[in-house]
Amino acid sequence: MTTSTEQQPAELAATTLLRFATAGSVDDGKSTLVGRLLHDSKSVLADQLEAVEHASRSRGQEAPDLALLTDGLRAEREQGITIDVAYRYFATPRRRFILADTPGHVQYTRNMVTGASTAELAVVLVDARNGVVEQTRRHAAVAALLRVPHVVLAVNKMDLVDYAEPVFAAIAEEFTTYASELGVPEITAIPISALAGDNVVEPSANMDWYGGPTVLEHLETVPVSHDLTACHARFPVQYVIRPQTAEHPDYRGYAGQIAAGAFRVGEQITVLPSGKTSTITGIDALGESVDIAWAPQSVTIRLADDIDISRGDLLAPVADAPATSQDVEATVCHVADQPLTVGQRVLLKHTTRTVKAIVKEIPSRLTLDDLSQHPDPGQLVANDIGRVKVRTAEPLALDAYVDSRRTGSFLLIDPADGTTLAAGMAGESFATAKAVPAAAEDEEGWDF
């Protein structure tokens, strides 16, 4: 558990973007926390605040109910319609933020996976009166599964336990122990009262025993990694540009968004899955030639050789190219209402490449409450998380999800109607997970 953060220079922090997700059990005060964060950081428009004040007065409340700022999601729950992730955008002088407000109910696990899949930080709320409950452990497990590098434990409603330090310390220790076992690299515990505003944006006068950052201070100063040298350079080709005009008769460029790392002119690259090699002779970005480009820039790369390259191919440095394989073993979160079954024919979409595939095996289903594995479930239904083995018709250049969230993830799609069936993460489930022994393989009936 950490209680302080190393501040970045103001000029650096002001240019950075932090994506974070919030999760909490029913009545933990998540809506109030988000509302308080937006209100106290001056990110609420005057007409929005006026509407909240009016609605609060009509309910007989003297102070504005800041939870009403996020009441749209509650209305969805009350009406029984589809629950989705709500994204909110706000900024302070030190950093810009994208907040994914994710539902916490077990039946909406798939939506939390969607919201947290791109998050660099997750805020997990706990009611100080109830402590760590099953929902809390489930949220920690999802954050660990998605390799979220920073987790904040916000122990809310401290005002209802008289701001008692022992209550906070016990909850923080229990959660930190559990999350650490899952492989969460950094956990920061903060005691708060979202209703009263304690330690949300301003330090609390009621908890002088706590010397760490407020929620907003931590969000503003937590390190956001942009170390390109630590990334495996990957460039999925989206489009081949050949103008064949009088001005550019021989121009051939490969356009796309750099998924990870950096590419330089003069660098030797491998084209996957073909394995052919060439040298980068030029990089065009925003209509100008540059010597280097990095993620997540959209660029056009030119090569020294005319190679058969099309949409779905992957460019990677010769010295750091991923292995290609037709056998994919991964953890998936099933997001469709229809089940995923052994032998089912699917499409697998990885970056810009989509190939035919068959679900070869479902070795186990994971129960997030206690992390127990249920072997050979036969199928996965909505919100299930499990291990799958998939055989693809063509080789794929997949990284392990722990190495690259962009090129280690994929989607399984229903070929009949294009419905997304499952979101997959290649490699082991958790950082501390042990490999499950492989079952005997039966190749009968396989088309590829």
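Observations
- Extension gain for Ser372-Ala164 works out to 71.5 nm (0.36 nm per residue, less the C-alpha to C-alpha distance).
- Fully extended contour minus Cα-Cα distance, from Gln297 to Val133, at 0.36 nm per residue: 54.9 nm
- Once backbone amide H atoms are built at 1.01 Å from N, Ile309 has no partners under 5 Å, excluding neighbours fewer than 5 places away on the same chain.
- Per-residue Karplus couplings for region 201-208, computed as 6.51 cos²θ - 1.76 cosθ + 1.60 with θ equal to phi - 60°, are listed in order as 10, 9, x, 8, 7, 8, 10, 5 Hz, Gly and Pro entered as x.
- Taking other residues whose beta carbon is less than 13 angstrom from the beta carbon of Arg147, and scoring Lys, Arg as +1 and Asp, Glu as -1, yields -3.
- Dipole magnitude for region 103-203: computed about the Cα centre from +1 point charges on Lys and Arg Cβ and -1 point charges on Asp and Glu Cβ, it is near 500 debye.
- Here the simple spin-label model places points 7 Å from the Cα toward Cβ, and for Gln257 and Thr420 these points are separated by 1.3 nm.
- Rolling a 1.4 Å probe over the protein heavy atoms leaves Arg365 with an accessible area of roughly 70 Å².
- Signed unit charges on C-beta, dipole axis of region 75-192, positive-most listed residue Gly183, Ala128, Leu160: Gly183
- Cross-link reach list, lysines versus Lys360, counting only Cα pairs under 18 Å and skipping chain neighbours closer than eight places: Lys349, Lys389
- Put simply, the amide H of Thr419, placed in the peptide plane, has neighbours under 5 Å in Asp414, leaving out anything fewer than 5 places away on its chain.
- Ranked packing of 289-302, 348-361, most packed first, by mean Cβ within 10 Å: 348-361, 289-302
- Residues in region 291-303 carry Karplus couplings, in order, of 8, 8, 9, 9, 5, x, 5, 9, 9, 10, 9, 10, 10 Hz; the curve used is 6.51 cos²θ - 1.76 cosθ + 1.60 with θ = phi - 60°, and Gly or Pro positions show x.
- In sequence order, region 155-171 has phi-based couplings of 7, 8, 6, 5, 5, 7, 10, 6, 6, 6, 5, x, 4, 4, 4, 5, 5 Hz under the Karplus curve 6.51 cos²θ - 1.76 cosθ + 1.60, θ = phi - 60°, and Gly or Pro positions carry x.
- The amide H of Leu18, built 1.01 Å from its N in the peptide plane, has Arg96, Phe97, Ile98 as neighbours under 5 Å, considering only residues 5 or more places off or on other chains.
The values are calculated or read from the model by the stated rules, or taken from the named source; none is laboratory data. Predicted, not measured: the structure shown is a model, and the values here were computed from it. Please note: Cβ atoms are built from the backbone with ideal geometry, for glycine as well, and neighbour counts cover all protein chains shown. With ligands, DNA and RNA removed, areas are computed over all heavy atoms of the protein, side chains included. Shrake-Rupley method; radii C 1.70, N 1.55, O 1.52, S 1.80 Å.
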